[in-house]
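The values are calculated or read from the model by the stated rules, or taken from the named source; none is laboratory data. Since this is a predicted model, take the numbers as computed values, not measurements. Because the Cβ atoms are built from the backbone with ideal geometry, glycine has one as well, and the counts that use them run over all protein chains shown. Areas reflect the complete protein model, heavy atoms only, side chains present, ligands, DNA and RNA absent. Shrake-Rupley method; radii C 1.70, N 1.55, O 1.52, S 1.80 Å.
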Amino acid sequence: MNVLQTSNYSAKETTLACGLAGVQLRHGPSTADVSLYGAQAHSFRCRDTEHLFQNPAADFSGLGAIRGGIPVVWPQFGTQTIEGLPKLPLHGLARVCTWKLVGTEASTANGASAIFHLRGFPTHDDAPKLVRTFNQHFLLELEVRLREKTLTHRLTICNNSPIRMPLKSVALFHNYFAVQDVTHARIEGLLGATKVDRLTNLTELESLNAKRLTARTDQIFKNVAGAVVLFQGDQPHIKVSSDGTLPDVVVWTPWSKSDPTYDAKGAGYPADLREDAWRTFCCLEPGAVSKVLILEQGAQRTFTQVIESLA
Ligand code: TA6
C-alpha cells in the first residue's frame, strides 16, 4: 500500500468510502477522494463542507457511469460523435475505464496530489473493450492536486501513436457540485458569453450577471472570460476557473421530473436519481467542447481547472 505522509499532508492508496479503490488526499482539514475507476473525484471536503454531490443510488460496481463527483468527459461530449470516430457511450470512455495510479506526492509546498494514466493500446488483447472500439493510440494523464482550499485537475492528452495519425477529441470536467437547494443557487461570471441552449437549440449572448436556476437547464456557454462563481443564496460557495484552456462552461440541472420539458414517463431524466436529489446539486462544467482538438502524432495538450472553496 502506497502511503505518503507528512504531518499535515498525505496521499494514501485505499478503499474509498464509495467502495472503489482509489487515493485519499489530505491537506490539513481538507480531503479529496479519487477512484482509479474513471480517475473520478468523489469527495472534496473542506473542513465540514462537502463540495461534491454524490448520488447514493449510483452504480459503484465499476461497470457503468457514476453520476456525481467529477467525471472526466473524453473523447466525446454527450452523444456527439466526432467525425470519423466510432460511437462511444454518453460522454465517452474516460469515466468508465480503470486508470493506473502512477504517482503520489505530499509536501508542504505543493499540497497532496495523485497522477493517473489511461493508455489506449487498441491492439492489446487485454485493453478495455471501449479502448479497442475507439481504436486510437493515446495517453491521458490526470493530475489531481489538493490544497487546503482548492482542488486542481490537470488533464494532459497525448497522441502517442506510432504511426502518423491525428487524435481528435473534446474534453470536459463534469463537476457535480453539492448545493443546499439548487432553486436558491445563482451563478456569476457568464455575462457576455455565447449561450447555446441544448434544450431549445437557441443561441444568444448571456445578458445576466447573476444567473438563477428556475427550471431544467442544459446550456453551453462559449468563450467564458474568467472565473465562474456558484452562490448558495447570497453566499459565494465555489469558484471555478481555468487558465484559458477550457473556454466553455456547461450549466446543467435536470430539475424535477415535473418540469414541462419531460414527458409523462420522464424520458431523459437521469434514471438513478432519487426523488429529491435534483435539488442538491448543480453541474458547472468547464470544457473545451465546441471545437474538436486535433493532435498530430507526438503532440499533447493540457487542460486545467481549479475549484476553490469559498465556504
Ligand atoms: O453535461 C450536461 C449533460 O450532457 C446533460 O445533457 C445531461 O444529459 C448530463 O450531462 C448527463 O450526464 P450524466 O453524468 O448524468 O451521464
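Can you spot a residue in region 79-92 that is among the aliphatic types (A, V, I, L, M) and within 16 Å of the chain's Cα centre (by Cα)? Yes, region 79-92 contains a residue that is among the aliphatic types (A, V, I, L, M) and within 16 Å of the chain's Cα centre (by Cα).
Look at (1) open to solvent by 80 Å² or more (accessible area, probe 1.4 Å); (2) at pLDDT 90 or above; (3) among the small types (Gly, Ala, Ser) and you find that Ala264 fails only one, number (2).
Touching an Asp or Glu at 6+ places or on another chain (Cβ under 7 Å) and surrounded by fewer than 22 Cβ atoms within 10 Å (Cβ to Cβ): is that true of Ile115 in this structure? Spell out how you get there, then give the answer.
Working: touching an Asp or Glu at 6+ places or on another chain (Cβ under 7 Å): yes; surrounded by fewer than 22 Cβ atoms within 10 Å (Cβ to Cβ): yes.
Yes, satisfied.
When region 149-177 is examined, which residues are found to be surrounded by fewer than 21 Cβ atoms within 10 Å (Cβ to Cβ) and under 29 Å from Ala277 (Cβ atoms)?
Lys149, Thr150, Thr152
Cβ-Cβ distances below 7 Å connect the following pairs, each with a first residue in region 277-292 that is under 8 Å from Val170 (Cβ atoms), a second residue that is among the aromatic types (Phe, Trp, Tyr) and within 14 Å of the ligand (Cβ to nearest atom), and a separation of six or more residues or different chains: Gly287/Phe77; Gly287/Phe173; Val289/Phe77.
Does region 42-61 include one or more residues that are touching a Phe, Trp or Tyr at 6+ places or on another chain (Cβ under 6 Å), under 30 Å from His137 (Cβ atoms) and not aromatic (Phe, Trp, Tyr)? No, that holds for no residue.
Criterion first (farther than 17 Å from Ala171 by Cβ, in contact (Cβ under 8 Å) with a residue 12 or more places away in the chain and open to solvent by 30 Å² or more (accessible area, probe 1.4 Å)) does Leu208 satisfy it?
Working: farther than 17 Å from Ala171 by Cβ: yes; in contact (Cβ under 8 Å) with a residue 12 or more places away in the chain: yes; open to solvent by 30 Å² or more (accessible area, probe 1.4 Å): yes.
Answer is yes for this residue.
Please indicate, with yes or no, whether at least one residue in region 82-92 is surrounded by fewer than 17 Cβ atoms within 10 Å (Cβ to Cβ), more than 30 Å from Gln136 (Cα to Cα) and within 16 Å of the ligand (Cβ to nearest atom). For region 82-92, residues surrounded by fewer than 17 Cβ atoms within 10 Å (Cβ to Cβ), more than 30 Å from Gln136 (Cα to Cα) and within 16 Å of the ligand (Cβ to nearest atom): absent.
Mind checking which residues of region 194-205 are within 16 Å of the ligand (Cβ to nearest atom) and open to solvent by less than 50 Å² (accessible area, probe 1.4 Å)?
Step one: list which residues in region 194-205 are within 16 Å of the ligand (Cβ to nearest atom), which gives 195-202.
Lys195, Val196, Asp197, listed by residue number.
Gly69 meets the conditions (1) closer than 18 Å to Leu101 by Cα; (2) open to solvent by less than 10 Å² (accessible area, probe 1.4 Å) in every case but one. The failed one is (1).
Residue by residue, here is whether (1) within 16 Å of Ala17 (Cβ to Cβ); (2) in a strand (DSSP E or B) holds:
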{"position": "Asp33", "(1), (2)": "yes, yes"}
{"position": "Phe44", "(1), (2)": "yes, yes"}
{"position": "Gly62", "(1), (2)": "yes, no"}
{"position": "Ile66", "(1), (2)": "yes, no"}
{"position": "Gly84", "(1), (2)": "no, no"}
{"position": "Leu90", "(1), (2)": "no, no"}
